[in-house]
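One structure is given here, and the rest of the page talks about it.
The values are calculated or read from the model by the stated rules, or taken from the named source; none is laboratory data. Please read these numbers as outputs of a predicted model, since none were measured by experiment. Cβ: placed from backbone, ideal geometry, glycine included. Neighbour counts: every protein chain shown. Each accessible area value is taken on the protein alone, full model and side chains, heavy atoms only, with ligands, DNA and RNA left out. Shrake-Rupley method; radii C 1.70, N 1.55, O 1.52, S 1.80 Å.
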Amino acid sequence: MIRAAIVGTGWWGRTLVDAVKGNSAAIRFTTGYSRTRANAAAFCAEHGLALAEDLDAILGDPAIDAVVYATPHSQHGAQVERTAAAGKHVFMEKPFTLDLRSAEAAVAAVARAGVVLGVGYPRRFHPAMIELKARIVDGRLGAIGHCAGEQTTPAGLTMPADYWRADPSEAPAGAMTASGVHNLDAMVHLFGAIDEVYCHNLRRAVGYGADTTSVMLGLRNGMSASLFCSLATAVSYRLAVFGSKGCAEILRPGFEFRFTPMAERRAPGRQTAPEPEVVEHKGFNALAAELDAFAAAIEGGPAYPIPAAEILHGVAAFEAIVHSAETRRPVKVAHQL
């Protein structure tokens, strides 16, 4: 059983602790720490966690095997380096870092220390994503022409302007850090390297910054992709892959897998779509699955399934999107797989 500390006991840190409590035989949280000590104290008492005085106390505690971070994005790179130097395994929430330089330094620190690095992209662990990846790899979708991803939330409409997640320096390119990076990572996972991006970023409904972000992507394998994310509309999620043998989708609610095959060939004219194949995975705990995989890698099992090269490429693609949003021009991705 891996003994972990949670650093950052805000909304998402609490969600991670709750995800494994009573649901995992591989990892458990024993300690917590947050800059806001009063809130951390109440949460730790409720969940039976020791409350650390500071990060140094966690990094120096031999009873803690790993540190899980749910902290402001700009702190991630330095926290990974510091944790690795202390010999602790480290799990960092998305986005891994906000720029390629800090990501490269963090990954290098992990390699030097020989510790396990995990990054929080739970969509990769969902059975629907595993099914989608298998059908792409074995050719059941045929020749892939395009992938379209969307993820939206109304969070920006009620987010206080002084909340750190509303700070453009912590959340550049509108909704990308809050939601868009999930489908950006999915595209890297499913199709490999992203060559070029073009981002259009708008302020439509949120007073403090951009809330509506659209990205066109050119992939190294020759296909195209599009990504849409918003902080100012109803909750939704969709990842659709369009192939010559049909369209496969992952959809909310429940992140069900749906495949609509090509209709039988008929004379030219109006086409009809066959009934889709639907595979449901209600109640799957993707957060527990990613943390269990992190724990398994620490224990000498399979390597954590998001390799360093893909982490770095994802950060490079994110950085290119931010630059494109600022310049309103297409931008090449600096780091390739």
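Observations on the structure shown:
- Of residues in the range 193-221 being assigned to a loop (DSSP other than H, G, I, E, B) and in contact with a helix residue (DSSP H, G or I) (Cβ under 7 Å, 6 or more places away or on another chain), the one surrounded by the fewest Cβ atoms within 10 Å (Cβ to Cβ): N221
- Residue list for the range 94-108, restricted to those being surrounded by 24 or more Cβ atoms within 10 Å (Cβ to Cβ) and in a helix (DSSP H, G or I): A103, A106
- Output for the range 63-93, where each listed residue is open to solvent by less than 10 Å² (accessible area, probe 1.4 Å) and closer than 16 Å to V107 by Cβ: Y69, H76, G77, V80, T83, A84, V90, F91, M92
- In the set A57, A128, A111, only one residue is assigned to a helix (DSSP H, G or I), open to solvent by 50 Å² or more (accessible area, probe 1.4 Å) and of a type in the set (G, A, S); that residue is A111.
- Of all residues assigned to the range 109-119, at least one qualifies as being within 26 Å of T36 (Cβ to Cβ), touching a residue at least 60 places away in the same chain (Cβ under 8 Å) and under 14 Å from the mean Cα position of the chain (by Cα).
- Among the residues listed as G314, G246, the single one being touching a strand residue (DSSP E or B) at 6+ places or on another chain (Cβ under 7 Å), surrounded by 14 or more Cβ atoms within 10 Å (Cβ to Cβ) and not charged (D, E, K, R): G246
- The single condition among (1) closer than 26 Å to V20 by Cα; (2) touching a helix residue (DSSP H, G or I) at 6+ places or on another chain (Cβ under 7 Å) that G314 does not satisfy is (1).
- Residues in the range 249-283 that are at pLDDT 95 or above and either more than 23 Å from A186 (Cβ to Cβ) or among the aromatic types (F, W, Y) (or both) were compared, and the one that is most open to solvent (accessible area, probe 1.4 Å) is F259.
- Failed item in (1) open to solvent by 30 Å² or more (accessible area, probe 1.4 Å); (2) within 21 Å of A317 (Cβ to Cβ); (3) of a type in the set (G, A, S); (4) modelled with pLDDT of 95 or more, with S169 passing the rest: (4)
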